[in-house]
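Notes to accompany the following structure.
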Amino acid sequence: MARLIEAARAQDEAALALLKDRATLDPDRVHDLRVIVKRLRALWRLAGTQGPRKLADKQDKRLRAAAKSLAGARDLQVMGETLDALRAATRRDYEKEALDRVRELALPDDAGDAVQPEKPAQLEQAFLDDLDRWTNLAVDGDDDTLIKKGFGRLYANARRLGHDAIAEDEPEAWHGFRKWVKYQLYQLEPFAGPLENSDISLKDFKKLGKKLGDLHDLHVLDDFLRQAKKKADDKEPFGHVRQLIGRRESALVSDCEKRTRNAFGLKPKAFRKALRQALDAGA
C-alpha cells in the first residue's frame, strides 16, 4: 500500500507541475491531466477496498468533476483527430471529400480557443487537496487483503464486464469495460518491475485499453455526427462518413474481442496467485 500511496502522490505532483503558472491549457496538457485524473481515480478505487471507502468515493467524485471541466475541449480535439485518421485510412476519393465536408459543417471550431481552454479555477486546488488526502491516508488492510479484496475483486469485475461487452456488443457496454481496463492498468503500473516476468501482462492491458479507446472515439464521433446530420442541409456526406465509421468499428470490435480474451485469460483465483508470486519475488 505504501507503494500505491507514493505513486498517487507522484501523480498529484505531476498535475500541479502541469498547471503551474498557466492561464490556458494546450491539447497535450489537457490530455495529460485527464490521464492523471484516471490514474488517481483508479488508485482511489483500490484504496477504498482497504477501509477508507467514504473518503475514496468522495475523492473519486471530486476528481471526476475535475476531469469533466476539461472534457469538452478534449472531445473536440479527439473528434478532429479521428476524422483525420479515417481520411488517411481510405483510398476512396468520395469518402475523403465527404470527410472534408463533414469537418467543415460539423467541426468549424476544431482549433484555437475551443481546444485550448482557460485553466479551470478550482483545478489546482483539487489536486492539492488530493495530495493532502493521500499524504494522510490510513488504511486497515495488509498486503494479502489488498491482493484478495482489492486487486482480486477489481480484476474479477473487469473480467466480467469484458465478457458482457463481447456478448452485448453495444457502445455503452464497451465504454464501461474500457474504463475498468484503464483502472486495471493504472492500479498495476506501480508494480511494473515485479510483474515483468509474470503471467500478468501490462502490455496486454495497455494494448487493449488503446484499442478500446479507439473504439470509444469512433462511437463518440458517430453519435456527434448523427446529431449534426439532423441540423445540416447537406446530409449526404454524413451518410458516407458514418458508413466508413461502421466498417472501422466492425474491425475494431473484432480486435477488442480477441484482446479481451487474451488480457483476461487468467481466472480471478489464478490472477491473485500470479500477483502474489510476482510481488513476493520482487520484494
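The values are calculated or read from the model by the stated rules, or taken from the named source; none is laboratory data. As the structure is a prediction and not an experimental result, all values here were calculated from the model. Positions of Cβ are generated from backbone atoms using ideal geometry, with glycine treated the same way; all protein chains shown enter the neighbour counts. For the accessible areas, the whole protein counts, side chains as well, though only heavy atoms, and no ligand, DNA or RNA atoms are used. Shrake-Rupley method; radii C 1.70, N 1.55, O 1.52, S 1.80 Å.
Filter the range 218-227 down to the residues that are open to solvent by less than 40 Å² (accessible area, probe 1.4 Å) and in contact (Cβ under 8 Å) with a residue 40 or more places away in the chain and list them by number. Selection gives LEU218, HIS219, LEU221, LEU225. The range 1-111 holds helices (runs of 4 or more DSSP H) entirely within its bounds, and those carrying 2 or more residues that are surrounded by fewer than 20 Cβ atoms within 10 Å (Cβ to Cβ) and over 19 Å from the mean Cα position of the chain (by Cα) map to 2-19, 53-68, 71-89, 93-106. Would you mind stating whether LEU128 is open to solvent by 50 Å² or more (accessible area, probe 1.4 Å), at pLDDT 95 or above, more than 30 Å from ARG242 (Cβ to Cβ) and not basic (Lys, Arg)? Taking the combined requirement at face value, the residue satisfies it. Filtering the range 235-261 down to residues that are within 22 Å of LEU154 (Cβ to Cβ) and touching a helix residue (DSSP H, G or I) at 6+ places or on another chain (Cβ under 6 Å), which residue is surrounded by the fewest Cβ atoms within 10 Å (Cβ to Cβ)? Among those that are within 22 Å of LEU154 (Cβ to Cβ) and touching a helix residue (DSSP H, G or I) at 6+ places or on another chain (Cβ under 6 Å), it is GLU257. Scanning the range 181-201 for residues that are touching a Phe, Trp or Tyr at 6+ places or on another chain (Cβ under 9 Å), in a helix (DSSP H, G or I) and over 17 Å from ILE5 (Cβ atoms) returns VAL181, LYS182, GLN184, LEU185.
Here LEU215, LEU221 are screened, and the one residue that is within 19 Å of the chain's Cα centre (by Cα), assigned to a helix (DSSP H, G or I), at pLDDT 95 or above and aliphatic (A, V, I, L, M) is LEU215.
For every residue, the table says whether it meets (1) modelled with pLDDT under 95; (2) of a type in the set (Val, Ile, Thr); (3) more than 24 Å from HIS31 (Cα to Cα).
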position: LYS211; (1), (2), (3): no, no, no
position: GLN227; (1), (2), (3): yes, no, yes
position: ASP233; (1), (2), (3): yes, no, yes
position: VAL253; (1), (2), (3): no, yes, yes
position: LYS258; (1), (2), (3): no, no, yes
position: LYS269; (1), (2), (3): no, no, yes
position: ALA278; (1), (2), (3): yes, no, yes
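Pairs please, first residue from the range 165-180 and on the phi > 0 side of the Ramachandran plot, second anywhere and open to solvent by 90 Å² or more (accessible area, probe 1.4 Å) and assigned to a helix (DSSP H, G or I), Cβ atoms under 7 Å, 6+ apart in sequence or on different chains. If the second residue must be open to solvent by 90 Å² or more (accessible area, probe 1.4 Å) and assigned to a helix (DSSP H, G or I), no pairs are left.
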